[in-house]
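Read through the structure below, which is laid out as structure tokens, and then see the notes.
Bear in mind these aren't lab numbers, they're just calculated from the coordinates by the rules spelled out. Keep in mind it's a predicted model, so treat the numbers as computed, not measured. Cβ sites come from the backbone with ideal geometry, for glycine too, and all protein chains shown count toward neighbours.
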Amino acid sequence: MSYYLDFEEPIRAHDEAINLLKAESSLTVQQTESLKKLEDKREKEIKSIYAKLTNWQKVQLARHPQRPYTLDYLQNWCPDFIELHGDRTFHDDPAIIAGIGKIDSLSVAIIGQQKGRNTKENLFRNFGMMRPEGYRKAFRIMKLAEKFSIPIICIIDTPGAYPGIGAEERGQGQAIAKNIMDMASLEVPIVALVIGEGASGGALGIGICDRFIMLENTWFSVISPEGCASILWHDSSQAETAANALKLTPESLKETRICDQIIPEPLGGAHRNWDAIFDTVKVELLNTFKELDSNTSDNHLKKRIKKYNSLISME
């Protein structure tokens, strides 16, 4: 760990003390006992902090710079992943990773939003904000998956669609709307997985699905808390208040039946144990596709229609 959120600061001292002891070439019996006590104290501190997270703190966790991103999951799950580029119309959008691979023995098409780890990468990836060509590329791969009867995984992690002039000139809104319409009629299973933040149409443009799954410390909303605060109170510093009002956490979204499943994260969040979250999510995805695999195309589409109609009809 090299980055700590404000509410994680009490954990820093424990991490530093533990790392100092672990750096020793060999530990005495007394040092081994001290290490165990420190680890127990750290675990207790983490449990205490994470047992009372606010909505705003979950938003911050979803944005944690050391959380695994789409490429990190792909490198763990699909060593043979083949990335496909371009929308066959204008350009390739690096903010979205799209291609074909295998998770164990299951062939899948994976479309995932990708952020950068540093300034150079973020400029290249456009901070995970897709342009119109990104949505068109994503759907091109989805149609390819449908042609070969391959299930689709859409990995969501974006602060929103790119609002630049060029993107608007090339039909940003139309590209998102067309994806929403066309994804609804795909005759293969689609699972949407939120691994970080899911804001606005930027997330919805690849978010139509049969199963909507969220990691424990993520969020999904029509607008970011800062954007909501700027509109309602003309003050983005009211983002914490907005986060509470938006009901954007997995627990709130499950109550409204938008989220179908919440995947628990390792103690302290996904950023503290990548291997554990990779394994947990992989197992859940394989189980989900096994469940969906029993559906025929006709029943599959009918169930998707029923899923979204139930949201419309909610009182």
- prompt: With labels modelled as points extended 7 Å from the Cα through the Cβ direction, what inter-label distance (nm, one decimal) is found for Gln174 paired with Lys254?
  reply: 4.1 nm
statement: Exposure proxy check on Ile263, Ile195: fewest-to-most Cβ neighbours within 10 Å is Ile263, Ile195
message: As I understand it, the value is the acute angle between the Cα axis of helix 274-292 and the longest principal axis of the Cα atoms of the chain; what does it come to in degrees, rounded to 10?
response: 30 degrees
query: Which residues in segment 265-306 have a backbone N closer than 11 Å to a point placed 7 Å from the Cα of Asp80 along the Cα-to-Cβ line?
result: none
message: Nearest 5 percent is fine: what portion of the DSSP beta bridges confined to segment 58-312 is antiparallel?
response: 35 percent
- prompt: What whole number of Å gives the distance from the Cα centroid of segment 67-126 to the Cα centroid of segment 138-176?
  reply: 12 Å
statement: Evaluated at 4 °C and 1.567 mPa s, the Stokes-Einstein D of the chain based on the Kirkwood radius over Cα pairs, in µm²/s, stands at 63 µm²/s
message: How far apart, in nanometres, would the label points at Ala51 and Glu291 be if each is projected 7 angstrom from Cα along the Cα-to-Cβ direction?
response: 3.0 nm
message: Quick one: 3J(HN,Hα) in Hz for segment 7-18, Karplus 6.51/-1.76/1.60 with θ = phi - 60°, rounded, Gly and Pro as x.
response: 6, 8, 3, x, 7, 4, 4, 5, 4, 5, 5, 5
query: Counting Lys and Arg as +1 and Asp and Glu as -1, each charge on the Cβ, what is the dipole of the chain about the Cα centre in debye, to the nearest 20?
result: 540 debye
query: Taking a quarter of the surface of the Cα convex hull of segment 6-52, what do you get in nm²?
result: 3.2 nm²
field: From phi via Karplus (6.51, -1.76, 1.60), per-residue ³J(HN,Hα) for segment 103-114 in Hz, x at Gly/Pro
entry: 9, 6, 9, 8, 6, 9, 9, 10, 10, x, 6, 10
query: Do you know the relative contact order of segment 156-315, to the nearest whole percent, from alpha carbon pairs under 8 angstrom that are 6+ apart?
result: 22 percent
message: Cut-off 16 Å, label point 7 angstrom out along Cα-to-Cβ of Ser310: give me the residues of segment 201-217 whose amide nitrogen falls inside.
response: 209-214
task: Could you sort 225-233, 114-122 so that the peptide with the highest average Cβ count within 10 Å comes first and the rest follow in order?
output: 225-233, 114-122
query: How large is log10 I(q)/I(0) at q = 0.16 Å⁻¹ when the Debye formula is applied to the Cα atoms of segment 133-208, each weighted equally and without solvent?
result: -0.55
message: Apply the Karplus curve 6.51 cos²θ - 1.76 cosθ + 1.60, θ = phi - 60°, to the phi angles in segment 141-155 and return the couplings in whole Hz, x for Gly and Pro.
response: 6, 5, 5, 5, 5, 4, 4, 9, 6, 10, x, 10, 10, 10, 9
- prompt: How much mean residue ellipticity at 222 nm does the chain get from its helices, if each DSSP H run of length 4 or more adds -39500 (n - 2.57) and you divide by all residues, to the nearest 500 deg cm²/dmol?
  reply: -15000 deg cm²/dmol
